[in-house]
1. Report, to two decimal places, the Cα Rg of segment 1-65 normalised by 2.2 N^0.38 Å (N = number of residues).
2. Long-range amide H contacts for residue 135: which residues qualify at under 5 Å (H placed 1.01 Å from N, peptide plane, sequence gap of 5 or more or a different chain)?
3. Would you mind getting me the FRET efficiency between residue 55 and residue 2? Use the beta-carbon distance for r and R0 = 51 Å, nearest 0.05.
4. DSSP loop GluC sites (Glu not before Pro) in segment 163-218 with at most 13 other Cβ atoms within 10 Å of their Cβ, which ones?
5. Just to check I understand the Karplus step: with θ = phi - 60° and J = 6.51 cos²θ - 1.76 cosθ + 1.60, what whole-Hz values come out for segment 107-113, glycine and proline as x?
6. Only counting other Cβ atoms within 10 Å, I'd like 182, 16, 139 sorted with the fewest neighbours first.
7. What's the angle, to the nearest 10 degrees (0 to 90), between helix 192-209's Cα axis and the longest principal axis of the chain?
8. Please report, in debye to the nearest 20, how large the charge dipole of segment 54-181 is about its Cα centre when each Lys and Arg carries +1 at its beta carbon and each Asp and Glu carries -1 there.
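Readers should treat all values here as calculations from the given coordinates under stated rules, not as data from a laboratory. What you are looking at is a predicted structure, and each value in this text was computed from that prediction instead of being measured. Here the Cβ positions follow ideal geometry from the backbone for every residue, glycine too, while neighbour counts run over all protein chains shown.
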Amino acid sequence: MMNKTIEIIKDHRSIRDYKSDQIDESIINEIIVAAQSMPNSINGQQTSIIVVQDVQTKAAIAEYAGGQTWIDEAPLFLLFVTDFYKTNLAAKKNGLTQQIHESVESTVVGAVDVGLNMGAAIIAAESLGLGIVPIGGIRNNPQGIIDLLNLPKMTFPVAGLAIGYPNSESRKKPRLPINTFRHDEKYQTENLEKEIDNYDLLMEDYYKAINRAQTINWSTSTSNTYKQVYFPKVYPVMNKQGFNNDK
Ligand SMILES: Cc1cc2nc3c(=O)[nH]c(=O)nc-3n(C[C@H](O)[C@H](O)[C@H](O)COP(=O)(O)O)c2cc1C
């Protein structure tokens, strides 16, 4: 063991089965403060988190996310919002016109910052014995989420995080071999196909071990998702929110 923090990070697995136990406000606050402590682009602090504990609101989110029952079960749901509304107030205060939200750069900046905030929230939650599962499924119906949670223009719901005390352990999901992830000095393409073949076999065993009926592996599941634009409402709704993504 290198140290406790790294051990917790390496032990991550998503949890989709929660106890009904509530989470103390002091713990929720600690998770949110940890999330806000991450570095962020230009100190613009272009993230907001909506803290949802209301049962009916969570039920609506679960529905919008394609019927993900673990959102109902988890006592806490955090919605990570990329937020150029606050930075626009800064622009107004200074008599300037904000342009960043019209550039694809805002989408990159916003997603990176949200990812960092969410990563810290995950590690904080897991270090306190909680389980989590990120929820990209909210982008299935971004307008529904925007209306439900009163998100203003120049904001966009990037991802959610369901949090609760685990009711059962899940099995740690193996990752692609580290040499497909770590490229020393320059990008290495040579071994990727062979490593993907090996990983597909490993994942077939993994899915068998967790009693998935069908034979799936990494390349079948990934390619079946990526053969289409799986959340087609993201682009039009982002546009409507003011993220033109045309510069
Ligand atoms: C941004 C993001 C969005 C995700 N969206 C969902 C989701 O909507 N529903 C879900 O059950 N899991 C979701 N996941 C969890 C991934 O499926 C999971 O992290 C991945 O399969 C690896 O498994 P592990 O987290 O157990 O290691 C999401 C993960 C991330 C990072």
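1. With N residues counted in segment 1-65, Rg over 2.2 N^0.38 Å equals 1.45.
2. Here the answer is 160, 161, 162, since their amide H atoms fall under 5 Å of that of residue 135.
3. About 0.80, to the nearest 0.05.
4. Within segment 163-218, the qualifying GluC sites (Glu not before Pro) (loop, at most 13 other Cβ atoms within 10 Å) are 169, 185, 190.
5. Those phi angles translate into 5, 5, 4, x, 6, 4, 5 Hz.
6. The fewest-first ordering by Cβ neighbours comes to 182, 16, 139.
7. For helix 192-209, the angle is close to 80 degrees.
8. Using Cβ point charges on Lys, Arg, Asp and Glu, segment 54-181 gives about 260 debye.
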